[in-house]
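Structure first, then comments.
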Amino acid sequence: MNSNLSLNFNSYFNFFFFLAPIFVSLGSAATNLYSIILLIFCIIWKFKNKIILTFFSYEKYLFLFIVYTLAINLYLGNISGLIKVVNLLLFFFIILVFKNFKENLKFSNKIKNLYLVFFLLIIIDSLTQFFIGKNIFGIELAAGGRVSGIFGDEAILGSFMSKFFIMITGLLLFNSNNNKFFRIGFIFYFLLFLIIIFLSGERVAFLIAI
């Protein structure tokens, strides 16, 4: 395989991977599209590098469980459940292939700062909605007075933030100086994340974050 082509492909894959929060913030349709494209990237990378996928024991059991759930939903004709299982299967294969690619990921300071600013803006927008009833874009609180931020009536702010909570924590800790200023900033950012998830009214998301 040409080394230049391999380098370019890895760069594109690396860049696309870090677009995940942006696609998720655009809703389920954009998230599904992102997942499909990412899976295609994974498959291309697998065959280009002739990677042989290996299953850990727990992955084998998880795969069998997903297949079993898929068969049950097919038998019952449960279309809604079938779609959810297919999405789960999609993510399973992405993770399975992607775990072999993780060593090629590069966490640059530019990427880290970009995400810290991105989530800080979401936090500021959500706090604005909580205090004055509308966010920066004029979106009002969701039903029940729940803070939903840019998601509006969909009210998935808490689950969105909880999904990326561990990634942001990792980016903050990655190659960071362990000084007093950093520790104060880290705790402040950490608490802001939890506060926004709590204000969203999504109990499960808050427990997951904790």
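Each value in this text was obtained by applying a stated rule to the coordinates, not by laboratory testing. Since the model is a prediction, treat every value here as computed from it, not as a measurement. Cβ: placed from backbone, ideal geometry, glycine included. Neighbour counts: every protein chain shown.
Which value in nm describes the separation of the simple spin-label points at residue 128 and residue 47, placed 7 Å from the Cα toward the beta carbon?
4.7 nm
Compute, for segment 138-209, the length of the dipole vector about the Cα centre, with Cβ point charges of +1 (Lys, Arg) and -1 (Asp, Glu) only. Units Debye, rounded to 20.
Numbers: 5 positive and 4 negative charges, 81 e Å.
Computed about the Cα centre, the dipole is about 380 debye.
Looking at this model, which pairs from 46/84; 112/180; 84/112; 84/163; 60/112 are more than 27 angstrom apart at the alpha-carbon? Don't skip to the end; give the middle numbers.
Details: 46/84 25 Å; 112/180 20 Å; 84/112 31 Å; 84/163 17 Å; 60/112 34 Å.
84/112; 60/112, as the Cα separations exceed 27 Å there.
By per-residue mean of other Cβ atoms within 10 Å, what is the highest-first order of 59-70, 152-163?
So the order, starting with the most tightly packed, is 152-163, 59-70.
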